[in-house]
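The values are calculated or read from the model by the stated rules, or taken from the named source; none is laboratory data. Predicted model only: the values in this text are computed from it and were never measured. Neighbour counts run over all protein chains shown; Cβ positions are idealised from the backbone, glycine included. Remember, those area values only see protein heavy atoms, side chains included, never the ligands or the DNA or RNA. Shrake-Rupley method; radii C 1.70, N 1.55, O 1.52, S 1.80 Å.
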Amino acid sequence: MHKNKLRLKVSLNLFLICFFSIISPLKAAAPPSSYLPVVPKEDFQTTMQHMKANKPIVMQRQNSLLNERYDLSNRPAKDAAMSGGKPIQEGIRVKLPPGVTWEMLSTLSPEEIKKRNLFPKGFLPLPHPNQQEGGMVFPKFVINELFKQEHRDLTRFDLDFDIPDYFLPEYPPPIYLTTRTDLGDVSKGRVITINNYYDTFNGILNPKQLEGLRLLLTPFSQQQFNQTEDRRSEFPSRGVACFDCHVNGHTDGATHLVGDIRPQAFRHRIDTPSLRGVNIQRLFGSQRALKTVEDFTEFEQRAAYFDGDPVIATKKGVNILERGSQVHDMAEFQEILDFPPAPKLAVDGKLDPTKATPEELRGQAIFFGKGQCSSCHTPPYYTDNTMHNLKSERFFNPQMINGLEAVGDGPIKTFPLRGIKDSPPYFHDGRLLTLDDTVEYFNLVLQLKLNEQEKKDLVAFMKTL
């Protein structure tokens, strides 16, 4: 009996030693780190295999979220199109909680909305298609065109882009230059790439601008697209170019996560902003407040391309741009990208009364009056070049949404509204699909109490900008 007890005690001790030897590393790995793992824990084929197998689950989860939040039907406007001709989507797409109306919400205080959990889900921060993984994700039409022109594949084996194409900017978008307004769209309806930029712009740009454009179109290694075993493309990749996201100096709606927040669950989704009009902007990045387009260009390649981790960037092949020539040349081209024509606006950025409709003029009056829009979006370019915190967390409790910790947005840059109809979806993370959604969001968050006609008039005015 004594020997049996002794054997049992020894066996139990051995079990505990083995158990804690296994569990201790797991516990040690639990605290979040500011750094990405440099050495993968499994080989590339194993990673790709299980991520491919998990992809349908990841996309179904995200698609379910989008359908829960929004009316995703294709309803193009009959009276408004982007500058290249693609119709914009119209109507409010954010879904309300059952039994709730927009009028009812506007009568409630932020505290009441928060207590009763009535804040529309479409107004909450929008997670990345796979928040836990993150990284650059491109719409399918972008992937197809770049593969056709350059035989460079930006397909990810682990996930796809999530928002339907008809809610995204037109592709390809026109290119307007501040230096040659007489030419109109200099892209001639094409996606400008490393293969066709020279024939298109030689004789239009000066040598520095032409070299800057070449660099903006040159692919460089990036976190998900590179030659290492922890990439997210099936085959080794040359990388991505600046104009893969900012196509033709505008935007194609590609998404990513900001590089300046940790841990991963708190990182905000990015809706690629347009580069049109960077010459009049004084802040760059939705929250980073970089002071020049040169700062932004350099930061993107050194850090943002690699999820803000310079340690992993060295492994994957970071491209260090030379500030005095390369960065400066890239900035020279970006700074001549113009806003699209707005034929109804006078030289002060406001409507010409002889060209505007009564609805548009009423909308302008609301914009500069009851709507309070001009307190941040001042003409002629409709930005005050600073940042504002709307404190949307007044309306909802912190919550986990598909891996995203939604706790509020913080201060966000005031983006220009000139040419706004060309840049859906809206807000820094693309959570608002239409201009109508945007008006409803600000009407609620700023407690403006606009009526239905005032909202429609305001949307009509923004379409003219």
May I ask you to list the residues in the range 76-103 that are basic (Lys, Arg) and either touching a residue at least 60 places away in the same chain (Cβ under 8 Å) or touching a helix residue (DSSP H, G or I) at 6+ places or on another chain (Cβ under 8 Å) (or both)? Lys86, Arg93, Lys95
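Let's see how each residue does on (1) part of a loop (DSSP other than H, G, I, E, B); (2) open to solvent by 30 Å² or more (accessible area, probe 1.4 Å); (3) touching an Asp or Glu at 6+ places or on another chain (Cβ under 9 Å); (4) within 18 Å of Leu465 (Cβ to Cβ):
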position: Thr297; (1), (2), (3), (4): no, no, no, no
position: Gly324; (1), (2), (3), (4): no, yes, no, no
position: Met330; (1), (2), (3), (4): no, no, yes, no
position: Pro341; (1), (2), (3), (4): yes, yes, no, yes
position: Thr354; (1), (2), (3), (4): yes, yes, no, yes
position: Arg362; (1), (2), (3), (4): no, yes, yes, yes
position: His377; (1), (2), (3), (4): yes, yes, yes, yes
position: Pro380; (1), (2), (3), (4): yes, yes, yes, yes
So for the range 88-109 (the condition being modelled with pLDDT of 95 or more, in a loop (DSSP other than H, G, I, E, B), open to solvent by 50 Å² or more (accessible area, probe 1.4 Å) and closer than 30 Å to Asp338 by Cβ), does at least one residue qualify? yes
Scanning the range 64-75 for residues that are open to solvent by less than 60 Å² (accessible area, probe 1.4 Å) and touching a residue at least 24 places away in the same chain (Cβ under 8 Å), the one farthest from Pro129 (Cα to Cα) turns out to be Asp71
Can you go through Leu404, Leu446, Leu432 and tell me which one is more than 20 Å from Leu72 (Cα to Cα), in contact (Cβ under 8 Å) with a residue 40 or more places away in the chain and open to solvent by less than 20 Å² (accessible area, probe 1.4 Å)? Leu404
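One line per residue, one yes/no per condition, for (1) under 20 Å from the mean Cα position of the chain (by Cα); (2) free of Cβ contacts under 8 Å to residues at least 24 places away in the same chain:
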site	(1), (2)
Phe147	no, yes
Leu154	yes, no
Asn196	no, no
Gly203	no, yes
Pro207	no, yes
Gln222	yes, no
Cys245	yes, no
Identify the single condition in (1) more than 18 Å from Lys86 (Cα to Cα); (2) crowded, with 17+ Cβ neighbours inside 10 Å that Gln227 does not satisfy, given that it satisfies every other one. (2)
From Tyr441, Tyr426, residue being open to solvent by less than 10 Å² (accessible area, probe 1.4 Å), of a type outside the set (S, T, N, Q) and touching a residue at least 12 places away in the same chain (Cβ under 8 Å): Tyr441
In the range 247-273, what residues are among the hydrophobic types (A, V, I, L, M, F, W, C), within 11 Å of the chain's Cα centre (by Cα) and open to solvent by less than 10 Å² (accessible area, probe 1.4 Å)? Ala254, Leu257, Val258
So, in the range 171-185, exactly how many residues are in a loop (DSSP other than H, G, I, E, B) and surrounded by fewer than 18 Cβ atoms within 10 Å (Cβ to Cβ)? 4
